[in-house]
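The values are calculated or read from the model by the stated rules, or taken from the named source; none is laboratory data. Everything quoted here is computed from the prediction, not taken from an experiment. All Cβ positions, glycine included, derive from the backbone under ideal geometry; neighbour counts span all protein chains shown.
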Amino acid sequence: MDLNDSPEQGAYRERARTWLEEHRAEAPVLRGEGALTDEDEIIAARRAWQGKLAEAGLAGVTWPQEYGGQGLGPIEQVIVNQEISRAGVPGILDSIGVGMLGPTIIAHGSEEQKSRYLAPLLHGDEVWCQLFSEPAAGSDLAGIQTRARQTDDGSWVLNGQKVWTTNAQFAAYGLLLARTDPEVPKHKGLTMFIVPMDAPGVTIRGLRQISGEAEFNEVFFDDVKLPADAACGDVNGGWGTALTTLMFERVTIGLGSEGMGYRSDRFAHAIAQDAEAGRDSDVRHRLGEIGTDLLAIKFSGYRTLTALQRGQIPGPEAGLAKVTLVNAAIRAGDLIADVLGPDALSEPGEWSYMISFLPGLKSAGGTEEILRNTIGERVLGLPPEPRLDKGIPFAELRAKEKEAIAG
Amino acid sequence: MNLALSDEQEFLRDAARGALARHKTVEAAREAADGSDLPDLWPTAVEAGWPGLLVSEDNGGAGLGPFDAMLVAQECGRVIAGVALLGHVPASYLLDRGGYSRIGEIGDGSLRAAFCPARPPGDVLGEWTVEPRRGHARAAAPHVSGDSVSGEVAWVPDAPGAGVFVVVGVENGEPVALAVDGARVEDATVYDRTRPLGHVSFDGAGGERLDVSAEEIAAAWYIAQALIAAESVGTVETGLEMSVQYAKERFTFGRAIGSYQAVKHTLTEVLRQSENAKSLLLYAGWAGEAKADEFPLAASAARAAAGSALDYAARATIGVHGGIGATWEHDAPYLFRRAQVSRRLLGGTHDAVDRVAGELLATAV
């Protein structure tokens, strides 16, 4: 048991640290004095910064060398993440593309797709977005209804709607899961596509949330034409491709030990500013429980990393850490607002923003309830819920749903 | 970065599981609850070398760290075995470092020690305190003058039958640890017969003053916290395994009860809490070996998470089993009894939660 670097890892860390120190001045300033305020300027600056990180080998650390990566392990990626955090500079802009979508293309894409898309993705020249969730398909992702129909010349026509799409407003491409055959059971008739976001018929709209800010987008597809070679992976094999993306999502989350900034020391600092609160036994008990949870997931992250280093892939139990994280952060928001009073809810403000963001985060990546089902079945081996959708062609399933609603 | 167990640690854990499997510990718990004597597992501990885990090699021990002792404690917890390590191991840590004259006998287990723990001062309660016999207010630590000690420590784990007591007292406001033979022990075992307890009083008894620092005396308290945490996690594992097995086999309304979300989510919650506690056992084990300034935080967080997990798991185990889980003949009540007493020992789980807050606040200002 050792949390320290090996000599090789220490040398790697030193190289990353030195580069970041030498190039710190080139990083965009996002907070505090001299911070950029214009959204377009911020995106342009962060894309350029991602390009510099990629040139320096500090992006796509685990990507194979033939696609511009470093061919290193997850521990080196974590070292880079830690050093970027330590240097106080932003990380890459397109963490979804580099962490999840690029690796999916590497695993399932054609050679033409790899040579066309991967380098600009890694360097931030083309940002990507993930077009999976729909208004009627979130936790039950295989229930998506966005339809891709093949025409006689082999090209595709796309119709439907996606939602919760991060970065869609400035993305060049999206990786989209669509239904290509509704006459087979729902997991079997899906295909993954590469979609240019500037194609005619693509409409992107910001989706405002509780805070009033639009963190995500809705994306609409009206008769969007895609070339025959737009499929990524096998036609009607899209579910397997999607599972690859979701596996890389778990790895990406596992590598991000910072817990989205929801750290025990940050919350303790807020409470410690109020000497009276720091001696109140109820406040202390609540803080102690929140701190315990957040420390636990920090070390759960190290456990995941240990597994990754040994070549194991994190399973759905890594999702339990997300449950703990979100609920601990929710309780922290409640505690801080209880201590500070209504002032904590002033907008814009650090705490009001966090309090507004968390109720939605509870369902991000699949609702807590479905996650608990999955873990109960896959990890504990409990018998599955009886399911009414197994083996039924998707079109028939939809007809049954409509019938049930009509009563 | 590597949180995996070493080969030696895996061997230690597997050997402990094997040694304990030779005893019918859960049956013994039931028989003890009916008034029989608890079988003495100390010879098993001696044979396995557990009494000397924290005793340095120069003193004839294994020279291992808190995490190794926690692995053994976790195995004891899995089978609710009444092995007197919660008393002996923290005591042996101070005896080894403090130049105790009979350390060889401590290491080989021919002399069994019990630790009369004192809670180190915190940011709110600034004195060294010990468990009271009853009530919310903590009691003052025993008074030390030279090599004699007066006072009482209540609810001391493994006190009945111990050969030497390591008592933490206060002299001129400073903590002092003494090894005392001549203490009066009143058997105070309650509710969980697998967990012998005693009220230990000292009436000016003379002892051997141990040459240890205040930091080392505090570390003994946190070693005890880490041990009870590890032991609790072991008990949680057993409760979860029993419950999952039953949820697959018991059918209602034509399907296994484990297929119902209400049951599945309850058991997933046990798993979630258990995994969190296991992560914190690693934190405590690492800090105990390599990061002394974080050991109070790490051990307290492990205790807090493990205590909460055991509370939840013990009730869930009864609940998932339905009415049968609440009967004398079932194993679930012995996990429950263990949970009820553990929660209230060594300052109680709530004090560990408070310590987490205190440590976080102290470094946050």
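Figures for the structure shown
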{"item": "Cβ-Cβ under 9 Å pairs, at least 6 apart or on other chains, the range A:362-380 side within 14 Å of chain B (Cβ to nearest Cβ) and under 12 Å from B:Val270 (Cα atoms), far side assigned to a loop (DSSP other than H, G, I, E, B) and modelled with pLDDT under 90", "result": "A:Ile375/A:Gly315; A:Ile375/A:Pro316; A:Ile375/A:Glu317"}
{"item": "Positions within the range B:301-349 being under 12 Å from the mean Cα position of the chain (by Cα) and part of a helix (DSSP H, G or I), in sequence order", "result": "B:Ala302, B:Arg303, B:Ala306, B:Gly307, B:Arg338, B:Ala339, B:Val341, B:Ser342, B:Gly348, B:Thr349"}
{"item": "Matching residues in the range B:339-360 - criterion: being charged (D, E, K, R) and away from chain A (no Cβ under 14 Å)", "result": "B:Arg343, B:Arg344"}
{"item": "For A:Pro383: the one exception among (1) touching a helix residue (DSSP H, G or I) at 6+ places or on another chain (Cβ under 7 Å); (2) assigned to a helix (DSSP H, G or I)", "result": "(2)"}
{"item": "Among (1) assigned to a helix (DSSP H, G or I); (2) β-branched (Val, Ile, Thr); (3) closer than 24 Å to A:Glu249 by Cβ, the one test that A:Ile42 misses", "result": "(3)"}
{"item": "The range B:1-27, subset in contact (Cβ under 8 Å) with a residue 40 or more places away in the chain and away from chain A (no Cβ under 14 Å), residue surrounded by the most Cβ atoms within 10 Å (Cβ to Cβ)", "result": "B:Ala16"}
{"item": "Test: B:Gly135 is farther than 25 Å from B:Glu10 by Cα and outside any loop (DSSP other than H, G, I, E, B)", "result": "no"}
{"item": "Tally of residues being of a type outside the set (Phe, Trp, Tyr) and farther than 16 Å from A:Asn167 by Cα across the range A:91-119", "result": "16"}
{"item": "In the range B:192-249, residue farthest from B:Leu86 (Cα to Cα) [restricted to those that are basic (Lys, Arg), touching a strand residue (DSSP E or B) at 6+ places or on another chain (Cβ under 9 Å) and outside any helix (DSSP H, G or I)]", "result": "B:Arg209"}
{"item": "Residue selected from the range B:33-44 under the condition under 20 Å from the mean Cα position of the chain (by Cα) and surrounded by 12 or more Cβ atoms within 10 Å (Cβ to Cβ), by the criterion farthest from B:Gly161 (Cα to Cα)", "result": "B:Thr44"}
{"item": "Every residue from the range A:259-281 that is facing another protein chain (nearest Cβ under 7 Å) and out of contact with any helix residue (DSSP H, G or I) (no Cβ under 8 Å at 6 or more places or on another chain)", "result": "A:Arg279"}
{"item": "Residue match in the range A:315-338 (condition: of a type in the set (Lys, Arg), within 22 Å of A:Ile75 (Cβ to Cβ) and within 10 Å of another protein chain (Cβ to nearest Cβ))", "result": "no"}
{"item": "Out of A:Asp265, A:Asp223, sole residue that is assigned by TED's automatic domain parsing to the domain that holds A:Ser155 and surrounded by fewer than 17 Cβ atoms within 10 Å (Cβ to Cβ)", "result": "A:Asp223"}
{"item": "All positions within the range A:308-336 that are of a type in the set (Gly, Ala, Ser) and buried (at least 18 other Cβ atoms within 10 Å of the Cβ)", "result": "A:Ala318, A:Gly319, A:Ala321, A:Ala328, A:Ala329, A:Ala332, A:Gly333"}
{"item": "Residues of the range B:252-269 satisfying the condition of being more than 10 Å from chain A (Cβ to nearest Cβ), among the hydrophobic types (A, V, I, L, M, F, W, C) and not in a helix (DSSP H, G or I)", "result": "B:Phe253"}
{"item": "Candidate set: the range A:282-307, residues that are more than 15 Å from B:Ala304 (Cβ to Cβ), touching a helix residue (DSSP H, G or I) at 6+ places or on another chain (Cβ under 7 Å) and within 7 Å of chain B (Cβ to nearest Cβ); chosen: the one surrounded by the fewest Cβ atoms within 10 Å (Cβ to Cβ)", "result": "A:Arg303"}
